[in-house]
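Only one structure is covered here, and it is reproduced in the block below.
The values are calculated or read from the model by the stated rules, or taken from the named source; none is laboratory data. Bear in mind that the values here come from a model prediction, so they are computed numbers and not experimental data. Because the Cβ atoms are built from the backbone with ideal geometry, glycine has one as well, and the counts that use them run over all protein chains shown. These accessible areas exclude ligands, DNA and RNA; they are computed on the full protein's heavy atoms, side chains included. Shrake-Rupley method; radii C 1.70, N 1.55, O 1.52, S 1.80 Å.
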Amino acid sequence: MELTVELNHPLVRHHLTILRDQSTPPSLFRHQVNRLAWFLASAATADLPVEPRKINTPLVEMMGCQISKRIALVPILRAGLGMVEPLLSLIPEAEVWHLGMYRDEETARPVEYYCKLPTGGGADIGFVLDPMLATGGSVLSAIEILNRWGCPDIRVLSVIASRPGIDRLQAEYPKLRIFVCAIDAELNDRKFIVPGLGDAGDRIFNTLG
Ligand code: PRP
């Protein structure tokens, strides 16, 4: 089993190209994040455990199955919000645990400003949602929070990651499962992913100014 999965699907590459294009307006950008999150969700849920469930079709009784684990979606605000809806469509029973973080512009380190984890313990599987994985600092903070909370199976879903960010996550958590649409080669001196797509949060929420 590949621990880091880079989707190599023609439709992913097609929609990612539109997402990267600086002429793509916020309305379409949001749509593209949503579309790409469906692909990520499909890959990241391919081995979800199920339990048997007996039903009656209009013709016969049969044994089907249902998801058997408590699942949490963990969007990192703001940009991660753009990935929630497709995941929630596929897993309607999932809980959504919001984590607010922004990157300090000087240090590029994540600053936590909101943490909405439920009382009553952790989930079996947590999907960390953030379209961008640059230095990896924000995702690492989210993983630390989830580990403290209690979440034995953490999976990271990101639209674009940088190679240095992936290397850092793999070094800190060798068994971590990561699902991305693309891994870009580098970060620039402002710690932006290159070629990347700019600032996903600003492009989703139309706050570029
Ligand atoms: C961006 C992005 C990630 C983070 C990635 O968020 O959405 O959360 O930076 O960088 P890292 O891997 O180096 O931590 P940003 O700080 O721009 O906040 P926003 O989502 O509110 O725009």
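Among the residues of region 162-209, those identified as surrounded by 16 or more Cβ atoms within 10 Å (Cβ to Cβ), among the basic types (Lys, Arg) and farther than 11 Å from residue 132 by Cβ are 168, 177. Can you tell me which residues in region 100-128 are near the ligand (Cβ under 8 Å from one of its atoms) and among the aliphatic types (A, V, I, L, M)? Answer for region 100-128, where residues must be near the ligand (Cβ under 8 Å from one of its atoms) and among the aliphatic types (A, V, I, L, M): 101, 108.
What residue, of 61, 6, is exposed (fewer than 12 other Cβ atoms within 10 Å of the Cβ) and more than 16 Å from the ligand (Cβ to nearest atom)? It would help to see each step written out before you state the result.
Numbers: 6 fails: exposed (fewer than 12 other Cβ atoms within 10 Å of the Cβ).
Answer to the check: 61.
When residues in region 115-128 are screened for being open to solvent by 30 Å² or more (accessible area, probe 1.4 Å) and assigned to a strand (DSSP E or B), 2 of them pass. If you check 193, 145, 160, 204 for being touching a Ser or Thr at 6+ places or on another chain (Cβ under 7 Å) and hydrophobic (A, V, I, L, M, F, W, C), only one passes: 193. When residues in region 185-204 are screened for being over 17 Å from residue 16 (Cα atoms) and of a type in the set (Lys, Arg), 2 of them pass.
Within region 121-141, if we keep just the residues that are in contact with a helix residue (DSSP H, G or I) (Cβ under 8 Å, 6 or more places away or on another chain) and of a type in the set (A, V, I, L, M), the residue that is farthest from residue 71 (Cα to Cα) turns out to be 134.
Given the residues 174, 164, which is the only one that is over 17 Å from the mean Cα position of the chain (by Cα), assigned to a loop (DSSP other than H, G, I, E, B) and either within 12 Å of the ligand (Cβ to nearest atom) or not aromatic (Phe, Trp, Tyr) (or both)? Answer to the selection: 174. Would you be able to tell me the number of residues in region 129-148 that are within 12 Å of the chain's Cα centre (by Cα), open to solvent by less than 10 Å² (accessible area, probe 1.4 Å) and within 8 Å of the ligand (Cβ to nearest atom)? Counting residues in region 129-148 that are within 12 Å of the chain's Cα centre (by Cα), open to solvent by less than 10 Å² (accessible area, probe 1.4 Å) and within 8 Å of the ligand (Cβ to nearest atom) gives 3.
Going through region 80-104 one residue at a time, which ones are in a helix (DSSP H, G or I) and touching a strand residue (DSSP E or B) at 6+ places or on another chain (Cβ under 6 Å)? Lay out the reasoning, then the answer.
Restricting attention to region 80-104, the residues satisfying the condition of being in a helix (DSSP H, G or I) are 80-90.
Of everything in region 80-104, those that are in a helix (DSSP H, G or I) and touching a strand residue (DSSP E or B) at 6+ places or on another chain (Cβ under 6 Å) turn out to be 80, 81, 83, 84, 87.
Looking only at residues in region 71-97 that are within 12 Å of the ligand (Cβ to nearest atom) and open to solvent by 10 Å² or more (accessible area, probe 1.4 Å), which one is nearest to residue 138 (Cα to Cα)? Among them, the one singled out is 77. Among the residues here, residue 118 qualifies as at pLDDT below 95 and not β-branched (Val, Ile, Thr).
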